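Everything on this sheet refers to the single structure shown next.
The values are calculated or read from the model by the stated rules, or taken from the named source; none is laboratory data. Not measured: the values here are computed from a predicted model. All Cβ positions, glycine included, derive from the backbone under ideal geometry; neighbour counts span all protein chains shown.
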Amino acid sequence: MDTFPLRSGTVLHLQPVRPAAVRHLLLQFGNVDMFEHPEALLKLEGKARGRAIEATEKLYNYVAGWGVTDDPPDEALAELEAIGLDVGNERRARADWLRFLEIEDDEEMGELIGAVMVLSQKETEESTEESAESGESG
Amino acid sequence: MTEYITKRGVKLEIGRIPRREIDGFTLKHVPPEPPVQEVEAFGGITEEMPILDDPAYLERLLAYYVKLGDEQIELIASAVRIVGPRSEVLLAELEDLRQLGLAEDDDWPAHLRFSVLADDEELGTVVGLVFYNSTVTEKGIAEASRAMAVTWMGQPVEGWKMPGTPGRYGQLFEARRAARHSGYTWEGFCGSTGPEQSAAVAFYRLSAKLDWLTSQK
């Protein structure tokens, strides 16, 4: 399992997520390149920009919900409840904890998303190599 | 119908989709062409050679495969269903997806993508099973060829090499010829199962090869 240190000092523990899910969310940007060139998002206008922002939110929710294994501490849950958020669902509470209380800015959010995607890609490549080797020997 | 148990222990029933939907999907998803360069061949004649490592082409190819893989799930989803009651773990995960705005309750392709199928390998397996049940596949052709057990001088006919010809054709053309060869209408052929369609193509290929081998004597 990989770790990801946030600027807040919290260290997150990451795990791979499903490549099919990430691909689907990237496609909702309308352009697969958008994630590799996030500065292009700033040049979008109107509905296209709205769509890309919505896609970023979904991608973040998926990565935070399934790619991070740490649970919010009790005091963080109390803070989230105090601002009116529902903490009944574990994955949603994790995403909200990181979004509202830990991650400093969009750049850090992008870095976290990128770290989980790289980890997932590495796992897929290793799994593909293992399948190829067992196919050769089998 | 085929039964398949996923890596997460979910029992699926895999059916088929109309062949025409697969043909339509294939027509809609044409892979990008690489750029070409003129190369001098033997005798001063120039030939066009594809540049397969062109960076822009590789980017377009990656984008093509990403989109193809994603839309394949939408294509095959109607042929896949869970057998028996859904596990508590699966139900909880579907609730999580709904809470995070990732999938609605009736979005079955999203459930397959985000929850039911464990990884790309499993996705490929399930897509392969749907295609096997629905259309001509090399797996289906190989099975039918083995079952027909046609040999020439003690060796399976399909192993004998025939000389190449200038003609080239794709799977759709070969399927249409095989259908006519076996006496199907095209509608009847498309309405039959994947293994039946594959058997017709296997019969057509073996017949053509056997006729050629016989003519060589």
With the first residue restricted to the stretch A:113-125 and required to be within 11 Å of A:Val22 (Cα to Cα), and the second required to be assigned to a helix (DSSP H, G or I) and among the hydroxyl-bearing types (Ser, Thr, Tyr), Cβ contacts under 8 Å at 6 or more apart or on different chains are A:Ile113/A:Tyr60
Odd one out for A:Val116 among (1) buried (at least 16 other Cβ atoms within 10 Å of the Cβ); (2) within 14 Å of chain B (Cβ to nearest Cβ) | (2)
Taking interchain pairs and intrachain pairs at least six residues apart, which have beta carbon atoms under 7 angstrom, with the first residue in the stretch B:67-92 and within 10 Å of chain A (Cβ to nearest Cβ) and surrounded by 13 or more Cβ atoms within 10 Å (Cβ to Cβ) and the second in a helix (DSSP H, G or I) and among the charged types (D, E, K, R)?
-> B:Gly69/A:Arg23; B:Asp70/A:Arg23; B:Ile73/B:Arg113
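Residues that are in contact (Cβ under 8 Å) with a residue 60 or more places away in the chain and farther than 28 Å from A:Ala64 by Cα: which helices (runs of 4 or more DSSP H) entirely in the stretch B:101-177 hold 2 or more of them? Outline the logic, then answer.
Details: elements: B:108-111, B:120-134, B:138-148.
By residue number, B:120-134, B:138-148.
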Might you check whether a residue that is closer than 21 Å to A:Ala21 by Cα, out of contact with any Cys (no Cβ under 7 Å at 6 or more places or on another chain) and away from chain A (no Cβ under 14 Å) occurs anywhere in the stretch B:107-123?
-> no
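Can you confirm whether B:Gln37 is surrounded by 15 or more Cβ atoms within 10 Å (Cβ to Cβ), of a type in the set (S, T, N, Q) and either at pLDDT 90 or above or touching a Lys or Arg at 6+ places or on another chain (Cβ under 6 Å) (or both)?
Details: surrounded by 15 or more Cβ atoms within 10 Å (Cβ to Cβ): no; of a type in the set (S, T, N, Q): yes; either at pLDDT 90 or above or touching a Lys or Arg at 6+ places or on another chain (Cβ under 6 Å) (or both): yes.
In short, no.
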B:Tyr57: passes all of (1) at pLDDT below 90; (2) assigned to a helix (DSSP H, G or I) but (1)
Being modelled with pLDDT under 95, more than 25 Å from A:Leu27 (Cβ to Cβ), away from chain A (no Cβ under 14 Å) and in contact with a strand residue (DSSP E or B) (Cβ under 7 Å, 6 or more places away or on another chain), is that true of even one residue in the stretch B:126-145?
-> no
Boolean, B:Tyr64 is surrounded by 10 or more Cβ atoms within 10 Å (Cβ to Cβ), among the hydroxyl-bearing types (Ser, Thr, Tyr) and over 23 Å from B:Thr135 (Cα atoms) = no
